[in-house]
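First comes the structure, then the notes that go with it.
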Amino acid sequence: MTKQSQLILAIVARYGHVTADEVHREAKKSLPKIAVGTVYRNLNELAETGIIKKIEVPNAPDRFDKTVAPHEHLICPNCGAVEDLMITGLDTLLQSAVGEKDYHYCLTVSARCENCNRIP
C-alpha cells in the first residue's frame, strides 16, 4: 500500500462518511502536493477491494465509510449528514425473501437527523 493510500485510509477511518473532496483537503495537510485525482483513484480502489465502503448519495457526492460490515445509512435531506443505521433482523428478512446466502444490498433512509430535528 502506498503512503498516499495509507493516508487516505487513515482519514476515512478517522472521520468516516467523508467525500473525496473532504479527504483531499485533509490529505493536503500531510502531503501538500497530493492530487485530487490520486485521492479519487485510491478511494475507489479501496472500496473495490472491500477495505472501505462507497456510499452513493442521490444528488450529492459519494461518501466513503470505514465500516464495511453490512449496515444501513440515514441521509438527512436538510443538511446532507450521513449516519449509520443498524436495523436488527433486516439481513434475515432479506435472505428469506431472496432465498440466497450470497447477495448484496444497499439501503439508505432519507430522514432529518437529530441536529436538524432540534431546529424548529
Once amide H atoms are placed 1.01 Å from N in the peptide plane, what residues at a sequence separation of 5 or more from residue 18, or on another chain, have their amide H within under 5 Å of its amide H?
64
Using mean Cβ contacts within 10 Å as the protection proxy, how do 104-114, 71-81 order, highest first?
71-81, 104-114
Cross-link partners of residue 101 among aspartates and glutamates (Cα-Cα below 13 Å; sequence separation of 8 or more within a chain):
91
Quick query: amide H of residue 107 versus all other amide H atoms, modeled in the peptide plane; which residues come in under 5 Å with a sequence gap of 5 or more or a different chain?
73
Cross-link partners of residue 29 among lysines (Cα-Cα below 29 Å; sequence separation of 8 or more within a chain):
3, 53, 54, 66
I need to check one value: relative contact order of segment 72-118, counting alpha carbon pairs closer than 8 Å and at least 6 residues apart, in percent.
55 percent
Under a Cβ-Cβ limit of 4.7 Å, which cysteines in the chain have nobody to pair with?
79, 106, 116
Binning at 5 angstrom from zero up to the longest distance, how are the C-alpha pair distances of the chain distributed in percent?
2, 10, 20, 18, 17, 14, 10, 6, 2, 1, 0
Could you give P(r) for segment 72-118, binned at 10 Å from zero, as whole percent values over all Cα-Cα pairs?
26, 40, 23, 11, 0
Using the crude model of +1 on Lys and Arg Cβ and -1 on Asp and Glu Cβ, and no other charge, please compute the dipole size for the chain relative to its Cα centre, in debye to 20.
640 debye
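Laboratory data are not the source of any read-out in this text; all were calculated from the coordinates shown. Here the structure is a predicted model, which means the values were calculated and not measured. Using ideal geometry, Cβ is built from the backbone for each residue, glycine included, and neighbour counts are taken over all protein chains shown.
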